[in-house]
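**Q** I'd like to ask you about the structure that follows.
The values are calculated or read from the model by the stated rules, or taken from the named source; none is laboratory data. Everything numeric here is computed off the predicted structure, so don't read it as measured data. Using ideal geometry, Cβ is built from the backbone for each residue, glycine included, and neighbour counts are taken over all protein chains shown.
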């Protein structure tokens, strides 16, 4: 463990910096945290720091994003639906030049079967691809700015026979009433499928809190996926009498207490109000909490200004970088000035991708621990050189 003695200079909003030149205000941390720090200026709002601790040893890359300057974030899914994986490099490369992509890190934990299905909510430009799970999220909302918090799916399907309260959205489970739309894109498992009904739209509606009218139908062979404006309603047996085939139903769905523009998930709250999370030494098993490659995100607020800190720590490479425990990761972000922080997927998934200012080429700046190099992941979080809200 290291004492948290770091001093950190405050970024001033919107002051232009020239790429390739050292910033006028140095990034300073205590020598008890890192022996050396190298800083690159990627844009007027984004700096990249390389931190090295020789004794441990560990090496970390930290994206330092001034959200009060012209910068924004975007969640990137591995494919267009909840299923599918790709490397963080590929996900960043797919963004149009007009969005001025600067860098990206891997984000949420995911399943290998079906491949790339995330364990938490993935909301991309306001579209719900995977619905909320049990854990907290890192996200952006126009009113709140950056946040680390929870959201929930809520809604209702109402027929002449009664109402089914919707508890899941694009997160199908056999024992919870929920809705599945075309963004999910993953075949339902056998048990869930037996409890599903197809809802065909009478009048198509957008994916938002608008109330739509649908006709309930029995699920036919091959109806394991939904397309276009069709929905699947998963109903536990105890509620099945409330909606039957042939009923015309009203459907409402929403995300509460607010509908974010971008979210990615994680597992393990590292910091709450600048204090290391109470469960940081209890999260998961001993192997999960121990020394590993890590990806994590922290939010620092100074007045009305926000900074996003995205850290990738290499690990599982003796003599070069052994990685960090969950507690050490929390303390690193605390030392860098974060007040709230979340652990993202780590291990072989950890990747820091940065666009070269001179050539425009994408570079993997860290050293992923998989022998084959960068791993295909379920989603990523990109930092863009356009002002938030555009």
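**Q** Are any of the residues in segment 359-378 in contact with a strand residue (DSSP E or B) (Cβ under 9 Å, 6 or more places away or on another chain), buried (at least 23 other Cβ atoms within 10 Å of the Cβ) and within 17 Å of residue 148 (Cα to Cα)?
**A** Within segment 359-378 (the criterion being in contact with a strand residue (DSSP E or B) (Cβ under 9 Å, 6 or more places away or on another chain), buried (at least 23 other Cβ atoms within 10 Å of the Cβ) and within 17 Å of residue 148 (Cα to Cα)), the answer is no, since none of the residues qualifies.
**Q** Can you pull out every residue in segment 175-206 that is buried (at least 17 other Cβ atoms within 10 Å of the Cβ), in a loop (DSSP other than H, G, I, E, B) and within 28 Å of the chain's Cα centre (by Cα)?
**A** 177, 181, 182, 183, 184, 185, 186, 188, 205
**Q** Further, regarding this structure: Answer with yes or no whether residue 225 is outside the structural domain of residue 110 (by TED's automatic domain parsing) and modelled with pLDDT under 95.
**A** Here the answer is yes, as residue 225 does meet what is asked.
**Q** Which one is surrounded by the fewest Cβ atoms within 10 Å (Cβ to Cβ), of the residues in segment 94-118 that are at pLDDT 95 or above and assigned to a loop (DSSP other than H, G, I, E, B)?
**A** Per the stated criteria, the residue is 96.
**Q** Ok, one more. May I ask you to list the residues in segment 134-162 that are in a loop (DSSP other than H, G, I, E, B) and either outside the structural domain of residue 283 (by TED's automatic domain parsing) or within 15 Å of the chain's Cα centre (by Cα) (or both)?
**A** 134, 135, 136, 150, 151, 160, 161
**Q** Continuing with the same structure: Among the listed residues 216, 311, 250, 300, identify the single one that is touching a strand residue (DSSP E or B) at 6+ places or on another chain (Cβ under 9 Å) and either at pLDDT below 95 or over 26 Å from residue 133 (Cα atoms) (or both).
**A** 216
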